[in-house]
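The values are calculated or read from the model by the stated rules, or taken from the named source; none is laboratory data. It should be emphasised that the depicted structure is a prediction, and the values quoted were computed from it without experimental measurement. Reconstructed Cβ throughout: ideal geometry from the backbone, glycine too, with neighbour counts over all protein chains shown. We work out accessible area using only protein heavy atoms, side chains counted, and drop any ligands, DNA or RNA first. Shrake-Rupley method; radii C 1.70, N 1.55, O 1.52, S 1.80 Å.
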Amino acid sequence: MQDLVYTTENHTSHVLIGESIQNLSKYAPLNRSVIITDHSVHSIYNNQFPDRPCFILGEGEHNKTLSSVSRIYDWFIGNEIDRSHFVIGIGGGIVCDVTGFAASTFMRGLPFGFVSTTLLSQVDASVGGKNGVNYSGYKNMVGTFNQPEFVICDRNMLASLSDAEYTNGLAEIFKHALISDRTMYDNIKANIAKLLNRDSEFLNYVITRSIEIKSDIVSKDEKEKGLRRLLNFGHTLAHAIEKTITISHGKAVGIGIIFASKVSAELELITQKEAEEIEFICNELQIVSEIKVDNSSIKEALHKDKKKSDNTIHYVLLRNIGDAFTEQISYEKLEDYIDALCKYC
Ligand code: GLY
């Protein structure tokens with residue numbers, strides 16, 4: 001087990017890689033704790049949960065709403081929860097985002113921690129303190145930056161993941177290599193079969209590196225004023241695609257990664273050969289799919305996502321494989337690139 005500690009302005013968090021849900025009592029005051037989870041996690045793992053009050057959230061993005069949070073507040077009130085209590089989220093990204101937000105806002109903030117049950121939430125969602133819900137068609141429009149006390153990444157819980165859910169995590173792992181670790185990229189390239197076969201040793205390596213990369217960025221720029229934007233590599237196009245068609249997050253991110261790499265090659269930052277190799281690896285990792293959607297719908301969705309101040313976006317590009325940076329470009333320019341380079345849209 002590895003206890004990876006990251007520190008932000010007001011907080012120190014522990015990411016416990018390879019820890020077991022059975023050891024929750026080491027990290028949370030169980031006699032003052034309540035649990036938030038979802039139906040599938042509850043049905044598979046409730047025999048491993050501590051015997052504490054449990055709120056079961058509906059599954060899927062459409063439950064990541066203020067009305068779910070409001071039901072949790074009512075449930076807190078019904079259970080006489082106050083600031084002396086501790087909230088444990090046990091689940092994937094949606095459970096962690098909603099739990100963190102409900103705990104952060106109820107009575108101006110209760111302490112909380114996560115048992116992260118999916119690869120995606122272990123390497124991305126549960127680390128970094130972005131909590132929140134969707135609002136009025138916008139993803140994560142309402143939320144807080146507030147760090148968990150701990151995140152337990154229990155490898156045994158990954159065994160029950162579907163292939164689709166597993167590949168969601170692979171896309172974020174590959175993103176971490178591309179933005180900041182050339183050696184990790186080379187290791188992924190050389191060990192694709194191990195990743196697809198969920199080889200535990202190799203998985204442990206990529207999970208650990210991902211969490212190290214993400215927590216290092218978060219401890220330097222918790223509130224996404226600059227550096228943290230790098231974590232959005234591939235996500236601008238991915239979010240527009242997700243708004244347009246039904247597609248898994250991982251596959252949308254895979255398409256976004258290929259596109260951003262092609263834009264980087266077009267700008268002669270990386271070579272065309274490198275961009276082709278990135279596309280090849282995305283295909284091998286099965287984090288892309290052929291989609292049928294016209295460019296105009298994607299561009300419309302891109303504009304709808306424009307909750308930002310002006311007509312430009314901080315777009316993430318690769319200076320090299322393993323070395324990303326952001327460039328402020330106009331939406332018009334991005335749309336031109338979509339027309340010229342996005343064979344998937
Ligand atoms: N998932 C991107 C971030 O946490 O900043």
Q: Determine the principal axes of the Cα atoms in the chain, then give the extent along each, sorted from largest to smallest and rounded to whole angstroms.
A: 58, 42, 37
Q | Residue-wise HN-Hα coupling along segment 33-40, computed from phi with Karplus coefficients 6.51, -1.76, 1.60 (Hz; x: Gly, Pro) | A | 9, 10, 10, 10, 8, 10, 4, 5
Q. Shape of segment 1-93 from its Cα gyration tensor (a ≥ b ≥ c, root eigenvalues): rounded if a/c is under 1.5, otherwise prolate when a/b > b/c, or oblate?
A. rounded
Q) Label-point separation (nm) for Leu66 and Ile245, each offset 7 Å from Cα along Cα-to-Cβ? A) 3.3
Q | Cα-centred dipole magnitude for segment 190-345, charges only on beta-carbon of K, R (+1) and D, E (-1), debye, nearest 20 | A | 520
**Q.** Sequence-distant residues sharing a close amide H with Thr8 (under 5 Å, placed H)
**A.** Ser13
Q. Expressed as an acute angle from 0 to 90° and rounded to the nearest 10, what is the orientation of the C-alpha long axis of helix 295-304 relative to the principal long axis of the chain?
A. 50
Q. Too long at a 24 Å Cα-Cα cut-off: which of Lys225/Lys304; Lys130/Lys273; Lys130/Lys175; Lys175/Lys223; Lys194/Lys243; Lys262/Lys333?
A. Lys130/Lys273; Lys194/Lys243
Q.
Suppose each label sits 7 Å from its Cα in the direction of the beta carbon; what would the Arg198-Ser84 distance come out to in nanometres?
A. 4.2
Q) So what's the angle, to the nearest 10 degrees on a 0 to 90 scale, between helix 235-244 and the longest Cα principal axis of the chain? A) 80
Q) So what is the calculated 222 nm ellipticity per residue for the chain, using -39500 (n - 2.57) for each DSSP H run with n of 4 or more, over all residues, to the nearest 500 deg cm²/dmol? A) -13500 deg cm²/dmol
Q) If amide H atoms are built 1.01 Å from N in the plane of the peptide, which residues on other chains or at least 5 residues away come under 5 Å of the amide H of Asn191? A) none
Q. In degrees from 0 to 90, rounded to the nearest 10, what is the angle of the helix 66-78 Cα long axis to the longest principal axis of the chain?
A. 10
Q. Counting only protein chains, not ligands or nucleic acids, how are Thr271, Thr236 ordered by accessible area (probe 1.4 Å), most first?
A. Thr271, Thr236
Q) Per residue, what accessible area does the chain have, given a 1.4 Å probe and all protein chains present, in Å²? A) 42
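By accessible area of protein heavy atoms, probe 1.4 Å, what ranking do Ile44, Ile287 get, highest first?
Ile44, Ile287
Share of the chain's accessible area from carbon and sulfur, percent, 1.4 Å?
Carbon and sulfur atoms account for 46 percent of the accessible area of the chain.
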Q: Could you list which residues have their amide H under 5 Å from that of Asn140, counting only those 5 or more apart in sequence or on another chain, with H placed in the peptide plane?
A: Asn134, Tyr135
Q | FRET efficiency estimate (nearest 0.05) - Cβ-Cβ, Tyr73 to Lys139, R0 22 angstrom | A | 0.50
Q. Once phi is turned into ³J(HN,Hα) by the Karplus curve 6.51 cos²θ - 1.76 cosθ + 1.60 with θ = phi - 60°, what whole-Hz value does each residue of segment 50-65 show in order, with x for glycine and proline?
A. x, 7, 9, x, 9, 9, 9, 7, x, 8, x, 3, 5, 9, 8, 10
Q) Which whole-number percentage describes the relative contact order of the chain, with Cα contacts under 8 Å and a sequence gap of 6 or more? A) 15
Q. In segment 193-345, with Lys and Arg counted as +1 and Asp and Glu as -1 at Cβ, which of these residues, His314, Val288, Thr271, has the Cα nearest the positive end of the dipole, that is, farthest along it?
A. His314
Q: Determine the order of Lys194, Lys343, Lys273, Lys299 by accessible area, beginning with the largest, at a probe radius of 1.4 Å.
A: Lys273, Lys343, Lys194, Lys299
Q: Give the distance, in whole Å, between the Cα centre of segment 270-322 and the Cα centre of segment 22-62.
A: 36
Q | Per the chain, cysteines lacking a partner by the 4.7 Å Cβ criterion | A | Cys54, Cys96, Cys153, Cys282
